[in-house]
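Report on one structure; see the data block that follows.
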Amino acid sequence: MRISIIIVNHNTKQLLKDCLDSIKVQNQNNETEVVVVDNASSDGSGDMVNKYFPEVKLIQNDFNVGFGAANNQGARIASGDFLLFVNSDATLQKNALIEIEKSMANTENAGAVGFKIINRDSSLQPSCGSFPTLLNLLTETLFLDRSIQLKSNYHIRKSGVYQNEFSPDWVSGSCFIISKQLFNKVAGFDDKFFLYVEEVDLCYRIKKNGYRNIYFPIEMVVHNNRASSISKNTAIIFTHHNLIHFFKKHHGNLSASVIYLLFILKSCIYSIIGMICGIFNLEQMQKARSYLFLLITLLSKKQYNKYENSIKQQN
């Protein structure tokens, strides 16, 4: 099987170099194609790739087109039969490419295939879940998913689950593999998901087409989570808005409206509690401000569009 590795980068020059170094060590003969799509970085990422990794195919965008759209660009020029999507802030573990080939050899009807992802402190990073529903989003809002750890949770957090192979609804976009034929069949990532939730939407369409998404308990990457996010606001705002878009796209306006109201309530509660706790804890105050800004963007589409455009234009 021929694999093409696709990496989207935005101002993570050193982390991208670490990622490419981890690939090069196990790809001495350049049998595995590597494609980097740079989203208008201002830190010299493109020059670094050209200097140290001339064998890498490099696409340099004039502006930040978003994570999903950039991955689609990479997929279009990739020549491999399989596409391995890896975040720029992740490094491949030793023999990762060999383990991927072994695991894929015995899979049937496979959709998106994810692997064990660990943090830099060697702790497990939750990387799978069930498709979002009103119930599991409400459970997560109330922090009940921490105590009631089920496979039906939007994010599966129970570490024991990750010790065995299973078929979750979705796998993390920070490291997964899929056949190029299937990726093209489901039309790749939806460009309307600028950042976050794009892999959930992709996995939903894959499963709807009759394929099963799979998790293998193989340590594949060390992931420095959200290293390229401009601020905590970015993750919070885009995640919630894109979940609303997910419900509207797949379940209709009524379902999206219910989720919208849930997030309005969540923003109010988290802002108030965060400000109270923030009297004694600066991190809680910052979190409160993030949810207050989320509330503003939920109530004003103009403010959300303004914020989204500022992220796209920021280098």
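The values are calculated or read from the model by the stated rules, or taken from the named source; none is laboratory data. Nothing here was measured: the structure is a model prediction, and the numbers come from that model. Glycine gets a Cβ as well: all are built from the backbone with ideal geometry, and neighbour counts include every protein chain shown.
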Taking the stretch 163-191 and the residues there that are in a strand (DSSP E or B) and hydrophobic (A, V, I, L, M, F, W, C), the one that is farthest from Ile3 (Cα to Cα) would be Phe166
Search result, residues across the stretch 261-278 that are buried (at least 18 other Cβ atoms within 10 Å of the Cβ), touching a residue at least 24 places away in the same chain (Cβ under 8 Å) and under 25 Å from the mean Cα position of the chain (by Cα):
Phe263, Lys266, Ser267
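Residue-by-condition table, conditions (1) under 17 Å from Leu124 (Cα atoms); (2) crowded, with 19+ Cβ neighbours inside 10 Å; (3) more than 16 Å from the chain's Cα centre (by Cα); (4) not assigned by TED's automatic domain parsing to the domain that holds Cys268:
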{"residue": "Tyr162", "(1), (2), (3), (4)": "yes, yes, yes, yes"}
{"residue": "Phe166", "(1), (2), (3), (4)": "yes, no, yes, yes"}
{"residue": "Ser174", "(1), (2), (3), (4)": "yes, yes, no, yes"}
{"residue": "Phe189", "(1), (2), (3), (4)": "no, yes, no, yes"}
{"residue": "Val200", "(1), (2), (3), (4)": "no, yes, no, yes"}
{"residue": "Gly210", "(1), (2), (3), (4)": "no, no, yes, yes"}
{"residue": "Ile237", "(1), (2), (3), (4)": "no, yes, no, no"}
{"residue": "Leu243", "(1), (2), (3), (4)": "no, yes, no, no"}
Count of the stretch 27-70 residues which are in contact (Cβ under 8 Å) with a residue 60 or more places away in the chain and assigned to a helix (DSSP H, G or I)
4
Just checking, which of Lys248, Lys287, Lys192, Lys266 is touching a Ser or Thr at 6+ places or on another chain (Cβ under 6 Å) and either closer than 28 Å to Asn305 by Cα or of a type in the set (S, T, N, Q) (or both)?
Lys266
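Can you name the residue in the stretch 290-315 that is over 17 Å from Leu261 (Cα atoms) and without any contact (Cβ under 8 Å) to a residue 24 or more places away in the chain and, of all such residues, is surrounded by the fewest Cβ atoms within 10 Å (Cβ to Cβ)?
So the residue we want is Lys302.
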Quick one: which of Ala90, Ala112 is in contact with an Asp or Glu (Cβ under 8 Å, 6 or more places away or on another chain) and surrounded by 16 or more Cβ atoms within 10 Å (Cβ to Cβ)?
Ala112
Could you check how many residues of the stretch 115-135 are in contact with a strand residue (DSSP E or B) (Cβ under 9 Å, 6 or more places away or on another chain), loosely packed, with under 15 Cβ neighbours inside 10 Å and among the small types (Gly, Ala, Ser)?
1
